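Encoded as structure tokens, the structure appears first; notes follow it.
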There are 2 protein chains.
Amino acid sequence: MEETCAGHIMLQEIREQPAAITRLIAAERERVWQMSTRWHQAPPRFIVLAARGTSDHAALYAKYLFEIQNGIPVVLAAPSVAGIYRARVKMDGGLVIGISQSGKAADVIAVLKQAREEGADTLAITNVATSPLADAADHLIELHAAPEVAVAATKTFSSTMAALLLLSAAMSRSQHLSAGLERLPALLEDVLRHEEAIRAKVERFRYLTDCVLLGRGYNMATAYELGLKLRETCYLRALPFATPDFVHGPIAILEEGLPVFAIANQGPTFPSVLDVIVQSKARGAEVMVIGNAEEALQMADIAFPINRGQEVPEELSPFPTIVAGQLLAQRLSVLKGIDPDQPRGLNKVTITR
Amino acid sequence: MEETCAGHIMLQEIREQPAAITRLIAAERERVWQMSTRWHQAPPRFIVLAARGTSDHAALYAKYLFEIQNGIPVVLAAPSVAGIYRARVKMDGGLVIGISQSGKAADVIAVLKQAREEGADTLAITNVATSPLADAADHLIELHAAPEVAVAATKTFSSTMAALLLLSAAMSRSQHLSAGLERLPALLEDVLRHEEAIRAKVERFRYLTDCVLLGRGYNMATAYELGLKLRETCYLRALPFATPDFVHGPIAILEEGLPVFAIANQGPTFPSVLDVIVQSKARGAEVMVIGNAEEALQMADIAFPINRGQEVPEELSPFPTIVAGQLLAQRLSVLKGIDPDQPRGLNKVTITR
């Protein structure tokens with residue numbers, strides 16, 4: 001069933017994701033491989049990622065990627081350090097990556113400009129190759145996601161993560177990661193084939209106002225990004241946590257009626273996530289599970305299974321998982337009578353200094 | 001008026017903070033100054049801070065401190081990278097700081113152990129000098145805060161921030177920061193003298209269930225830590241945001257009845273915070289202001305003024321501000337019939353792997 005009015009643009013952009021990533025790989029793979037030769041031979045001492053909002057969630061994904069796969073420490077920049085405090089941070093020997101789909105984020109541009117003056121290598125990741133962000137950096141990865149029109153970012157999130165996965169693969173010359181990248185379009189197509197099954201389960205949440213989201217490791221980014229989608233398109237008071245931080249205090253807020261959305265995928269972090277699912281159910285919370293981990297799906301009150309029957313390395317799992325989350329948020333937004341293409345009080349480009 | 005039952009321990013520990021910081025300075029100042037000689041002469045290429053929960057909020061404060069005051073890039077460690085993914089991150093040339101009041105946080109200890117093997121300098125900050133965390137590091141700063149008994153951490157938070165401020169001052173040999181450190185006990189005493197005035201304003205929030213907290217720069221940590229206190233002692237669904245991240249989407253959740261607690265102190269970030277206060281009021285939110293910035297206090301629906309009539313450098317402002325926030329959380333907890341010394345489902349020491 002097609003939506004033809006509210007939320008139609010967001011839904012279209014969700015569906016475009018396999019094609020967008022296919023274009024990114026075709027256009028940028030060789031270039032990024034060549035650009036990375038120097039970083040393969042002499043890895044940067046550290047990587048700085050500067051971003052805001054959805055792009056910052058892609059950066060959080062990449063923090064795990066570069067630390068685990070490349071062994072390089074990652075600084076998630078506090079953009080105000082350069083933009084507001086005007087402080088100079090020693091960045092020589094580092095690789096500084098600025099991320100902004102529009103390429104207009106003033107505080108991210110400030111970080112890149114300062115890094116360039118400090119003698120760091122600089123790289124822009126953006127959907128707009130002619131943007132000020134691209135101008136401020138030595139290197140560029142263009143997303144090739146085609147213009148994103150809905151206020152809630154969807155395809156630029158997965159394309160940004162894919163660009164960072166491509167960079168991580170190129171810097172480590174990893175065949176494993178490179179093969180993973182190639183699998184992404186098919187993994188996302190698989191989720192989109194189950195679009196109706198996902199949408200059918202959303203009705204239940206029509207009057208939901210608050211929720212907790214849980215993830216860990218690579219999928220902390222998934223929980224944070226789904227939390228943002230639910231806040232901006234459904235006006236939910238959505239509280240995302242890493243599972244260990246959740247048991248360090250916030251778990252006290254659990255009570256019947258406050259549901260938990262747990263991102264649960266196979267991989268090293270799964271036992272930690274499963275443990276918190278068990279604890280949450282014991283406190284009477286309704287638990288939704290989104291992911292590919294059968295054991296967790298079977299414990300769920302409502303399960304959103306993904307890529308069933310496939311082995312998916314944990315570093316790929318945020319991609320299909322967030323697509324399911326985006327479909328959930330888009331559907332819930334429309335059910336609540338909101339237009340997710342244009343939520344109240346938001347503009348597509350947010351300039352912060 | 002003294003509390004003699006529920007919440008008495010937490011209140012006592014809040015009141016001990018000036019004395020605890022005085023002890024820390026007396027016991028550790030010379031040692032830290034000497035320990036830091038090498039880092040003053042040859043600054044580490046980067047600093048890694050590993051922590052969980054409240055200690056991680058002190059680390060967030062220190063990220064701004066070391067980047068702005070010392071010009072050193074700061075990595076906030078994702079403890080699962082070492083503890084769960086067993087990945088090796090290249091940390092030579094860096095200073096790796098593990099923070100845990102109990103000294104028992106397994107994942108933080110894992111980061112220190114790996115860093116030591118990698119040849120990085122390692123430092124433990126803990127309230128327990130005989131703990132496994134202290135054993136895992138080359139250097140130690142002991143908090144001297146005396147045992148903390150209430151589940152909700154209060155004095156160890158401010159003492160940890162003070163230890164990090166001491167380290168930042170010693171590494172930069174900054175007289176300005178050093179003089180600031182000396183002022184802390186008096187600034188906190190000043191807040192505690194207004195304890196009754198703060199408590200009197202809390203009645204209004206007896207039936208509050210949800211709130212937004214806003215801060216920026218040094219005071220992002222304050223907003224995050226107050227959010228955690230309100231979740232763990234008052235069971236509030238408290239959503240903390242950096243002001244620029246809030247306008248990137250979450251601002252859509254604002255509506256009448258969802259109040260905003262804004263941390264507003266004088267300093268470079270104040271215009272950004274003021275701007276979001278104005279936007280929040282325009283959307284009908286009730287706005288509480290905690291801080292020393294008169295212009296914001298005068299716009300507030302309920303004002304919690306701090307250190308009135310004193311010039312407080314922004315890097316010191318999180319200390320008095322969180323003390324006011326702790327008093328607010330403790331009082332609200334008791335008003336709600338909760339015992340903040342022992343909230344449901346929490347233990348004092350949380351071990352995560």
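Quick notes on this one:
- Straight Cα distances below 15 angstrom link A:K201 to the aspartates and glutamates A:E286, A:D301, with same-chain residues fewer than 8 positions distant left out.
- For B:A282, the label point sits 7 Å beyond Cα toward Cβ; its separations from the matching points on the remaining copies run 4.9 nm, from shortest to longest.
- An ellipsoid equivalent to the protein assembly as shown, defined through the eigenvalues of its Cα gyration tensor, has semi-axes of 37, 30, 24 Å when rounded to whole angstrom and sorted largest first.
- Dipole magnitude of region B:152-266 about its Cα centre (Cβ charges: Lys, Arg +1; Asp, Glu -1), debye to nearest 20: 180
- Cα shape, region A:15-60, gyration tensor, a/c 1.5 rule: oblate
- Compactness of region B:265-344 as Cα Rg over 2.2 N^0.38 Å, two decimals: 1.24
- Simple rule: put +1 on each Lys or Arg Cβ and -1 on each Asp or Glu Cβ in chain A, find the dipole, and look at A:G257, A:Q298, A:G93; the Cα lying farthest toward the positive end is A:G93.
- Charge sum, other residues only, whose C-beta stays under 10 Å from B:Y235's C-beta, Lys/Arg counted +1 and Asp/Glu -1: +2
- Springs between Cα atoms under 10 Å define the GNM used for chain B, and in it the highest mean-square fluctuation of B:D275, B:D107, B:D92 occurs at B:D275.
- Gain on full stretching of the segment that runs from A:A200 to A:R38 - 0.36 nm per residue minus C-alpha separation: 53.4 nm
- Ellipsoid semi-axes in whole angstrom, largest first, where each is sqrt(5λ) of the Cα gyration tensor of chain A: 32, 22, 20
- log₁₀ of I(q)/I(0) at q = 0.10, 0.12, 0.19 Å⁻¹ - region B:141-270, Debye sum with one point per alpha carbon: -0.42, -0.60, -1.32
- Cα shape, region B:203-353, gyration tensor, a/c 1.5 rule: prolate
- Zone residues, region A:241-265, relative to A:E294, backbone N less than 18 Å from point 7 Å out along Cα-to-Cβ: A:264-265
- Using R0 = 30 Å, the C-beta based FRET efficiency linking B:K104 and B:R29 works out to 0.70.
- Chain B: relative contact order in percent, alpha carbon pairs under 8 Å with at least 6 residues between: 20
- On the beta carbon distance between B:R308 and B:R116, with R0 = 45 Å, the FRET formula returns roughly 0.45.
- Only Lys, Arg (+1) and Asp, Glu (-1) charged, at Cβ; the protein assembly as shown dipole about Cα centre in debye: 440
- Remark: C-alpha extents of region A:32-157 on the principal axes read 39, 34, 24 Å, sorted largest to smallest.
- Pairs from the list A:K104/B:K63; A:K90/A:K155; A:K90/B:K104; A:K281/B:K281; A:K336/B:K281; A:K229/B:K104 with a Cα-Cα gap above 31 Å: A:K90/A:K155; A:K90/B:K104; A:K281/B:K281; A:K229/B:K104.
- Using the Cβ of A:A262 as centre and a radius below 13 Å, the other residues enclosed give a net charge of -2, where K and R count +1 and D and E count -1.
- Relative pair counts by distance (%), Cα atoms of region A:188-251, 5 Å bins: 4, 17, 19, 21, 23, 12, 4, 1
- Simple spin-label estimate for B:Q175 and B:D301 in nanometres, 7 Å along Cα-Cβ: 4.8
- Ascending list, in nanometres, of distances separating the A:Y207 label from those of the other copies (7 Å, Cα toward Cβ): 1.9
- Region B:105-163 - Debye-derived log10 I(q)/I(0), Cα point model, q = 0.13 Å⁻¹: -0.35
- Rounded Å value of the spacing that divides the Cα centres of region B:36-91 and region A:214-281: 25
- Peptide packing for B:192-203, B:11-22 was compared via the average number of neighbouring C-beta atoms within 10 Å per residue; ordered from the highest value, the list is B:11-22, B:192-203.
- Only alpha carbons enter this Debye calculation for region A:135-194, each as an equal point scatterer, and the log10 of I(q)/I(0) it gives at q = 0.15, 0.18, 0.20, 0.30 Å⁻¹ is -0.57, -0.78, -0.92, -1.23.
- Computed [θ] at 222 nm, deg cm²/dmol, chain A (DSSP H ≥ 4; -39,500 (n - 2.57); rounded to nearest 500): -14500 deg cm²/dmol
- Dipole check for region A:203-353: with +1 at the C-beta of Lys and Arg, -1 at the C-beta of Asp and Glu, and the Cα centre as origin, the magnitude is about 580 Debye.
- Taking the label point 7 Å along Cα→Cβ, B:Q298 and its counterparts in the other copies are spaced 6.6 nm apart, in ascending order.
Taken together, the values in this text are just the output of simple stated rules run on the coordinates, not laboratory data. The shown structure was predicted, so the numbers you read here are calculated from the model rather than taken from an experiment. All Cβ positions, even for glycine, are placed from backbone atoms using ideal geometry, and neighbour counts span all protein chains on display.
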